[in-house]
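Single-structure report; data block below.
The values are calculated or read from the model by the stated rules, or taken from the named source; none is laboratory data. The shown structure was predicted, so the numbers you read here are calculated from the model rather than taken from an experiment. Quick reminder, even Gly has a Cβ in these numbers, built from the backbone with ideal geometry, and neighbours come from all protein chains shown. Accessible surface is based on the protein model in full, side chains and every heavy atom, while ligands, DNA and RNA are left aside. Shrake-Rupley method; radii C 1.70, N 1.55, O 1.52, S 1.80 Å.
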Amino acid sequence: MLEVKNLVKHFGEIKALDDLSFSAEDGQITGILGPNGAGKTTALRVLYGLLESEQGVGLINNIDSKQDPQGARKEIGIFPDKFGLYERLTAREQIAYFAELHGLKGQEKEAALDKVIERLDISDIADRKCEGFSQGQRMKVILAQALVHEPQNLILDEPTRGLDVMSTRILRDVLKALKAQGKCILFSSHVMQEVAALCDKVIVVANGKIAAVGSPQELCDLTGKTEFEEAFVTLIGSDEGIAA
Amino acid sequence: MMIKALLKKEFIDAIRDKRSVFAALLGAFFTPLFFAGMMIFTLEKSDDVESLYIEINNQEQAPHIVELLAQDDIFHADIPEQGKHFQLDGEKTEHSKISLTFASDFKEKLAAGEQAELTIVSDNSKQESRSQLRRIKGVINNYQGQLVSMKLMARGISPVVMQPLKIVENDTSSPTSKSAMILGMLGVMILVTLFVSSTNVAIDCSAGERERNSLELLLMQPVSTFDVVVAKVVNASAFSVIGATLTIILTSIVIPFIPLHKLGAAFNFDLAFAVSLWLIVLPLAFFAAAFQLTAAFHAKSFKEAQSYIQYTVMVPIILPMMLEISNYKHAALSYLPVVGQQQAISQLFRGELESFTPVLIGSLVTLLTAAALVKFIARSLKSEKVVLGL
């Protein structure tokens, strides 16, 4: 369960978040859809306590990420917008490092590593250094890093950006499987099809504000459009910064 | 537990970075080699000064004096012609251009008990000329003194009559304190090594990780920024300790090959000495690492961090130099990071380090300063400016 309430944040003169509130429930895939610069990444950074908002709270399983950032972060797996791999570590070392940071050790850690490596089918690259990995391979290592401690909540920031079809499909299958296990999945995107195809609930964000919330079908009904893309453009009042 | 995981990753990451390892080794090898080169150069120069070549005319008039001069390494050689160089065994050698001429009736007058004349011609505007002249006159005056003594004794008078005063000269500069001046430089270089060895690790794990986006991902994990910074500082200081240790070991190997005795300097770089040196610089490694990480984290980019770090490497050279020039003295200075260690090292080299108490207090202050810097970085890692490099 992920929740942000009444977030307000400025970067200098620019209002990045303007009284933003939304929630993501367990057993659902929730998408934050918005044009570039709408405040998606900023909202997520506030949610896991990397940035501080001037007002409002971010709750992860009802833990305030401002009060107890470490406690809150234990409950999530994060798939960041930029893949910050340690180029000189092997994929396995990399995943093990994050497992250790989440408190796994010894046998338990090794078992979790084997499980996630098998699940994402990366045993062939597990003992290779990350430098020289393809974008798809990097995505898998980052996903493994986010899932190794089996968190209840998974947050993905623009996960399919720069991925080929095969990688995107793997990612989608993993997300669907997690949803079936009752996990809470929140991802941000500016790619229309992806959101329409995967999400149970879509939160449309523009200019740091919520423009609309609902299932893709509900949003179409709300705007009286048959195409989700049309509905979206109507909702944010412009087609700037959207990828079809 | 968390620190262990963080530290393990930092170390593996750094030891696989060729540039980091190279920086540590460069620092380690540079000091002893540079020092040996400098010393040998200085020693060769001082070798040349020892033998003095002058032109001595009418040598047959005063063979005793010529012999005494030779005993003092003052030899005869004709003044070379204008534009030509004096050659000794086919090698170009410095000639003093001083000439000493005994009068043609020198022997005769001396034997007769009359004043015998000798002429010295020199160019006193030349800087070395005066000391060379003093050397020559010293030998001649000595001879004169002996001559007078003998003549007085032959007449049954004690030579002490001629010397109512006796000057007792004691040179307090022990051989160790002589070499200390040169070895003081070695001390500064060991401090520089300490700073150089950790530079690349410090930049790579801070500004570098931020540029590769892995810093942000790390800070999103359930770890305290304090633990993260402690791991990075300990890892970077490990490199600086490795660099300093190698330097001390290599220097102790190189020193016996340097003919220090030629400078009238005795120096014993034994195990106890090396260990004392190592213990003095050890706390500074943590300070160096924390200081460099502070600079690198507050730089906007990897490149900017590199230029900041270059200045941090200058600290152990500039700080002692500034104090030397300004002649500012204060008891508290010996407890400051860098200055304290530099002073302790130079005392150690001079053999004047009597008590380890000031060193211990200095070490404590250094470690506390490093800890304060760690606290400061940990706090700034909560600011978006530093995390995102804005």
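Quick rundown of the values:
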{"item": "Where B:Y328 falls short, out of the listed (1) at pLDDT below 85; (2) more than 14 Å from chain A (Cβ to nearest Cβ); (3) assigned to a helix (DSSP H, G or I)", "result": "(3)"}
{"item": "All positions within the stretch B:359-390 that are in contact with a Ser or Thr (Cβ under 7 Å, 6 or more places away or on another chain) and open to solvent by less than 50 Å² (accessible area, probe 1.4 Å)", "result": "B:G362, B:L373, B:I377, B:A378, B:L381, B:V386, B:G389"}
{"item": "Any hit, the stretch B:251-259, residues being of a type outside the set (D, E, K, R), within 35 Å of the chain's Cα centre (by Cα) and closer than 30 Å to A:A99 by Cα", "result": "no"}
{"item": "Index of the failed condition, A:T42 passing every other in (1) without any contact (Cβ under 8 Å) to a residue 12 or more places away in the chain; (2) facing chain B (nearest Cβ under 10 Å); (3) of a type outside the set (K, R)", "result": "(1)"}
{"item": "Lone qualifier among B:N124, B:N213, B:N170, B:N142 - being within 14 Å of another protein chain (Cβ to nearest Cβ), open to solvent by 20 Å² or more (accessible area, probe 1.4 Å) and either at pLDDT 85 or above or over 30 Å from B:A299 (Cα atoms) (or both)", "result": "B:N213"}
{"item": "Selected residue [assigned to a helix (DSSP H, G or I), of a type in the set (F, W, Y) and either at pLDDT below 90 or over 23 Å from B:I309 (Cα atoms) (or both)] from B:F273, B:F286, B:F226", "result": "B:F273"}
{"item": "Single match in A:K15, A:K105, A:K5 (criterion: modelled with pLDDT under 95, more than 20 Å from A:L186 (Cα to Cα) and in contact with a Gly (Cβ under 8 Å, 6 or more places away or on another chain))", "result": "A:K15"}
{"item": "Residues satisfying the stated conditions in the stretch B:289-309, i.e. open to solvent by 10 Å² or more (accessible area, probe 1.4 Å) and in a helix (DSSP H, G or I)", "result": "B:F291, B:T294, B:A295, B:F302, B:K303, B:E304, B:Q306, B:S307, B:Y308"}
{"item": "Members of the stretch A:91-118 that are open to solvent by 20 Å² or more (accessible area, probe 1.4 Å) and either touching a strand residue (DSSP E or B) at 6+ places or on another chain (Cβ under 6 Å) or within 9 Å of chain B (Cβ to nearest Cβ) (or both)", "result": "A:E93, A:H102, A:G103, A:K105"}
{"item": "Residues located in the stretch B:341-358, provided they are more than 15 Å from B:G187 (Cα to Cα) and part of a helix (DSSP H, G or I)", "result": "B:T357, B:P358"}
{"item": "Given (1) without any contact (Cβ under 8 Å) to a residue 40 or more places away in the chain; (2) assigned to a loop (DSSP other than H, G, I, E, B); (3) more than 19 Å from the chain's Cα centre (by Cα), index of the condition A:L50 fails", "result": "(3)"}
{"item": "Residue that is without any contact (Cβ under 8 Å) to a residue 60 or more places away in the chain and open to solvent by less than 40 Å² (accessible area, probe 1.4 Å), where the choices are A:G214, A:G182, A:G237", "result": "A:G214"}
{"item": "Filter pass, B:D17 being more than 30 Å from B:V148 (Cα to Cα), modelled with pLDDT of 90 or more and not hydrophobic (A, V, I, L, M, F, W, C)", "result": "yes"}
{"item": "Listing of strands (runs of 3 or more DSSP E) fully contained in the stretch B:64-163 that carry 1 or more residues being acidic (D, E) and free of Cβ contacts under 8 Å to residues at least 12 places away in the same chain", "result": "none"}
{"item": "Selection within the stretch B:18-30 - within 11 Å of chain A (Cβ to nearest Cβ) and either under 27 Å from B:S252 (Cβ atoms) or surrounded by 18 or more Cβ atoms within 10 Å (Cβ to Cβ) (or both)", "result": "B:S20"}
{"item": "Subset of the stretch A:43-70 [open to solvent by 20 Å² or more (accessible area, probe 1.4 Å), closer than 13 Å to A:L7 by Cβ and not charged (D, E, K, R)]", "result": "A:G49, A:Q55, A:G56, A:V57, A:L59"}
{"item": "Pick from the stretch A:58-85, criterion of a type in the set (D, E, K, R) and under 12 Å from B:E216 (Cβ atoms), ranking: nearest to the other protein chains (Cβ to nearest Cβ)", "result": "A:K82"}
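Residues are listed down the side, and each one gets a yes or a no for (1) outside any helix (DSSP H, G or I); (2) open to solvent by 30 Å² or more (accessible area, probe 1.4 Å); (3) farther than 22 Å from A:A146 by Cβ:
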site	(1), (2), (3)
A:V4	yes, no, no
A:H10	yes, yes, yes
A:A16	yes, no, yes
A:D19	yes, yes, yes
A:A38	yes, no, yes
A:A72	no, no, no
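Okay, residues lined up against (1) among the hydroxyl-bearing types (S, T, Y); (2) open to solvent by 60 Å² or more (accessible area, probe 1.4 Å):
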| position | (1), (2) |
| --- | --- |
| B:T245 | yes, no |
| B:A274 | no, no |
| B:F287 | no, no |
| B:Y311 | yes, yes |
| B:E324 | no, yes |
| B:Y335 | yes, yes |
| B:I345 | no, no |
